[in-house]
Amino acid sequence: MKKNKLIAAVVTLALGVTMLAGCGNSAANQAEDKTEIMLENPAGGEEQTEEPVEEPSVATEQDTSEQVSDDAQAADAVNIGALKGPTAMGMAQLLEDDNYNVSIVASPDEMVPMIVQGKVDIAAIPANLSSVLYQKTDKQIQVLAANTLGVLYLVENGETIQSIEDVKGKTIYASGKGATPEYALNSVLTAHGIDPQKDVTIEYKAEHAEVVAALAADQTAVGLLPQPFVTTALMKNENLRVALDLNELWESGMTDGSRLVTGVVVVRNEFLESHPEEVETFMEAYEQSVDFVNSNVEAAAEIIGAHDIVTAEVAVKAIPECSIVFITGDELETMLSGYLNTLYEQNPETVGGAVPDEAFYYKR
């Protein structure tokens, strides 16, 4: 019962602020059915801020556990969890490696019980969710690496936006109200001397596809969208153009060494303490996989498509824009702690009520 309450608490705190990393094809089909311009949504399921999060029932936990294959029980295999979308795309080689049992799920609320109950040893999750889990599990996880930097882009119809100053006076359509997209956008605008309350009009939509629909209706507006949804949108609408990369805007506007970190890889301390060599072997294999994905895009896209993370057609175009990385050590601590502190300053609950201490970071 205590564990159930813990899972429910973490889900409730984290679900509304982890939209950037997930990727659900079922949500894509629903969006495309609504209207011709409501595009498929491979970049993060339907936003769930409108509906309450229910405490996971026993049946839900059993369903989650069944997602791990029978092979996952093997003592010599490492059980890994990842979300559909960019946070899982860097694991392409591991998906084909018998040393790893990788479970891909659609949303963070599915991943939380898998981590808390020990169904997975290592997991790729949104950066702020790692902080929430750290606080709510009494520091029972560590972050191994950053695996995805910012995947947010400002898009428009036409060529009017050439610099961040050009958004002044514009309407910006975005999804992720009360979540990391809102806080990232506010931080970037403020860092560049633009008041989010006075200099622009920001209108939040429930879904990424609604942002695209709004851009079609208002040709002068700007949209905030994540990858790989940006790629899908551009494939469907040739008039859309990527105007600005929030990664670049964050780095040029911040002075604390932080970066816009979308996804990280965490490990349960219990597994780390009992299997330190396996963790190091995983780190080496994962770094090689990230290098493979970024340097062999077509081959990686085929693997990603075969495992239903996103389609191969989308993956081959999206990979170069997904900021898939492998960053560890002091560099990780500097960039992630600064990012989490930025979120904390706007809404402490997005990081679990506190910015993690140094014990949060794995030291090799």
Arg241 neighbourhood, Cβ < 11 Å, K/R = +1, D/E = -1, net charge -3
Here the relative contact order (percent) of segment 164-283, from C-alpha pairs under 8 Å and at least 6 apart, is 26 percent
State whether segment 113-178 is rounded, prolate or oblate according to the following rule on the C-alpha gyration tensor (a ≥ b ≥ c being the square roots of its eigenvalues): a/c under 1.5 gives rounded; otherwise a/b larger than b/c gives prolate, and the remaining case gives oblate.
-> prolate
Note, ³J(HN,Hα) from phi for segment 201-213, Karplus 6.51, -1.76, 1.60, rounded to Hz, x at Gly and Pro | 10, 9, 10, 9, 10, 6, 9, 4, 5, 5, 5, 5, 4
With a cut-off of at most 11 other beta carbons within 10 Å, and DSSP calling the residue loop, which GluC sites (Glu not before Pro) in segment 222-252 qualify? Please list them.
-> Glu238
What is the set of long-range amide H partners of Lys170 at a cut-off below 5 Å, with H atoms built 1.01 Å from backbone N?
-> Thr201
Compute the signed sum of charges (Lys and Arg +1, Asp and Glu -1) over the other residues within less than 14 Å, Cβ to Cβ, of Glu358.
-> -1
Give Lys170/Lys205; Lys119/Lys363; Lys84/Lys317; Lys170/Lys198; Lys170/Lys236; Lys136/Lys177 a once-over and call out the pairs whose C-alpha atoms are over 20 Å from each other.
-> Lys119/Lys363; Lys170/Lys236; Lys136/Lys177
Would you mind classifying segment 250-346 by shape? Square roots of the alpha carbon gyration tensor eigenvalues, ordered a ≥ b ≥ c; an a/c under 1.5 is rounded, otherwise it is prolate if a/b is larger than b/c and oblate if not.
-> oblate
Considering only protein heavy atoms, what per residue accessible area in square angstrom results for segment 216-299 with a 1.4 angstrom probe?
-> 44 Å²
Env charge @ Gly90, Cβ radius under 10 Å, K,R +1 / D,E -1, value -2
Counting only residues 5 or more apart in sequence or on a different chain, those whose built amide H sits under 5 Å from that of Val325 are Thr148, Leu149
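The values are calculated or read from the model by the stated rules, or taken from the named source; none is laboratory data. It should be emphasised that the depicted structure is a prediction, and the values quoted were computed from it without experimental measurement. Ideal geometry is used to build each Cβ from the backbone, glycine not excepted, and the neighbour counts take in all protein chains shown. All accessible areas refer to the heavy atoms of the entire protein, side chains included, with ligands and DNA or RNA removed. Shrake-Rupley method; radii C 1.70, N 1.55, O 1.52, S 1.80 Å.
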